[in-house]
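Any read-out appearing in this document is the output of simple, stated calculations on the displayed coordinates, not a laboratory observation. A quick note: this is a predicted structure, and the numbers were derived from the prediction, not measured. Every residue, glycine among them, receives a Cβ derived from its backbone with ideal geometry; neighbour counts consider all protein chains shown.
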Amino acid sequence: MAGRINDDDVKAVRAAVPIDAVVSEYLQLRNAGGGNLKGLCPFHDEKSPSFQVSPSKGLYYCFGCQAGGDTVDFVMKIDHLSFAETIERLASQAGITLRYEEGGYTPGRQQGERTRLVEAHKAAAQFYVEQLERPEAEIGRTFLAERGFDQAAAQHFGVGYSPAGWDHLVRYLRGRGFTDKELILSGLVQEGRRGPIDRFRGRLMWPIRDISGEVVGFGARKLRDDDNGPKYLNTPETPLYRKSQVLYGIDLAKKDIAKAGRAVVVEGYTDVMACHLAGVTTAIATCGTAFGGDHIKILRRLLMDNSRAKVIFTFDGDAAGQRAALRAFEDDQKFAASTSIAVSPGGMDPCELRLAHGDEGVRQLVEQSTPLFEFAIRSLVEQHDCESPEGQAAALRDAAPIVAHIKDLSIRHKYAVMLSGLLGYVTDNQFVVERVAQLARWAHERGQGGRSELLKGLARSSSAGSGAPQPSRGSGPHPQNGGRGSGNASPDPGAPQAQRGPALNLRSPAHRVERELLKLALQHPDLVSPAFDAYGIDEFTAPPYAAVRRTIEDAGGTAAADADYLARVREAAPDDTVRAMVTELAVEPPHTRRDPDEVYAGVQLVAVRLAAVNQRVSEVRGALQRLGQHADPAHLAAVQNELWVLQQYGQSLRDRGAAAL
């Protein structure tokens, strides 16, 4: 049985790995003000960034889908890891050696399954790199050299060689302590007639890494004529490797993609290598599958969906390029980035182009790309004889729906005018413009049902060359009008909306100020302590806020705040609902243009206390009315005295502010 990781080591791991460093491995983060960072949420689709990271608190929170937590929670959720696997991964990154209780530390046997598979791939990658230097791999080195890749290029991309024998890797990994079960599960090995055998034999090997840089699979290129397998053989689907969710080269390209706001999608491993060596360091490729929705999500998080961003597809031939690029926008044009097509002369891929025309040829290919809509429209029109009226009508029938599908009215008009010119309507642009507008109106009236009709023309073109409302939050804590703190992004309609307890009315002055005070108590406890700790739970009129107030009290209060204060409060939460609210309030910036100070904190403290006093005044007045003229004199005097004291205290709060607390 695996031992439990020592609590002190877990604490050390949490402290050693900054949350912004971890999150930025998966998405681009920008300044959100108040010391926070923001980006597109990796857990649901959104058009505006509502995902915020607070480096100083070590927490993240999405105001769109309510996902939140610390560094460990983020890694567990995004990579589907267990707690132990997450701690092991983060410890490895931080260089921390973990201690295991209940029997001590046994390397290998006590690590999580995913961690073991990652370690097996890491060892296999190193093994293949070493094998590329051996005499047997001469054929692989020749293959690389013929395509313009020297030893330095191979090392940069981790290219290796798998020996032609049956079980070289099996024996190597067994010697490293891996079991046959682990090797088969990893996809590196398969069952043979007499036991496990290497899956990849006598091939050139490319390690496929995820966005965090971990090797999760391999792409293997056939080298010999007597190899009866496919030209390219990839790792099968495993717990680590999902071909629809990985992009080759993303680990090397992600920073430049985010910095330049541009991604170049190519077809193969050698194309990625050629582009990077030519200076196009934003190149990435799919791994044995078409460019699809999950790939789009990866790029969107890096590009931040700004209108200046650009995605360029470079494929072999017009039809293939259209088919692949179609996926980038057919689902409601998911990219805010502009999409372009780059087709090189003679249909050469970037690797071939680099050999023929050098690095400059690759760079020119990318720089001279054509906007996707223009490319599609021209391709459709070129299929018809526009010298005849019949050909013009047919071309208009095919191309007009593509133009009508463009959402931006000004861009749609531009392409309608361009289409009219391509069709030969030089002196009658209005006819084509009106036809496009009519199709757009029909599509809008039909809603989503008309989208597929608008794309049929492009689909026909792509196959010709090769044959080939915001949901209701129900009883959630926030109003449907989205008036929640700083979160202004619309949540993903498809994302599940968690039930978060009684609704909060953020239009209520009381609720707004209670929220603000709790944010200060969590983010700046020194500004509200010790006064805050004297506040009763009943002074917070919103049940979720009262639950957070109790949780802070159970964690020792603001007076006991230290480096572990927030972690202690989150651990003290009675359930996930309250814990999520704590995280949300700990990340959401206070509503002040300047950094919160004692004056601002005092205003919030006074407002909450004054609201409680006013509420009690109303209750006491009601009690006096119910007592009437025949009440017991002593009881009546006591109630009247309480009312007088409350009124005096309220007046003092209004006059003296925080000094009266």
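Numbers for the structure displayed
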quantity	calculated
Proxy reagent accessibility, fewest Cβ within 10 Å first, across Thr286, Thr97	Thr97, Thr286
Local electrostatic count, Ala601, Cβ distance below 12 Å [Lys/Arg +1, Asp/Glu -1]	-4
Ranked list, fewest to most other Cβ atoms within 10 Å of each Cβ, for Glu588, Glu146, Glu267, Glu382	Glu146, Glu382, Glu267, Glu588
Packing rank of 649-657, 166-174, 246-254, where each peptide gets the mean count of other beta carbons within 10 Å, highest leading	246-254, 166-174, 649-657
³J(HN,Hα) computed for each position of segment 78-92 - Karplus, 6.51 cos²θ - 1.76 cosθ + 1.60, integer Hz, glycine/proline x	7, 10, 6, 9, 7, 4, 4, 4, 5, 4, 5, 5, 5, 5, 4
Arg4 long-range amide H proximity, modeled H, under 5 Å	Glu101, Glu102
Vicinal HN-Hα couplings computed from phi for segment 594-605 (Karplus, 6.51 cos²θ - 1.76 cosθ + 1.60; Hz; Gly/Pro x)	9, 4, x, 10, 5, 5, 4, 5, x, 4, 5, 4
Least to most buried among Cys65, Cys41 (fewest other Cβ within 10 Å first)	Cys65, Cys41
Hz values of 3J(HN,Hα) by residue in segment 181-195 - Karplus curve (6.51, -1.76, 1.60), Gly and Pro given as x	4, 5, 5, 5, 4, 6, x, 6, 9, 9, 6, x, 5, 10, x
Amide H contacts of Gly217 (H built 1.01 Å from N, under 5 Å, at least 5 apart or other chain)	Ile208
Nitroxide proxy distance, nm - points 7 Å out along Cα→Cβ at Gln640 and Leu355	10.4
Amide H contacts under 5 Å for Phe313, placed H, 5+ residues apart	Val265, Ser340, Ile341, Ala342
Relative contact order (%) - criterion: Cα under 8 Å, at least six apart; region: segment 7-94	25
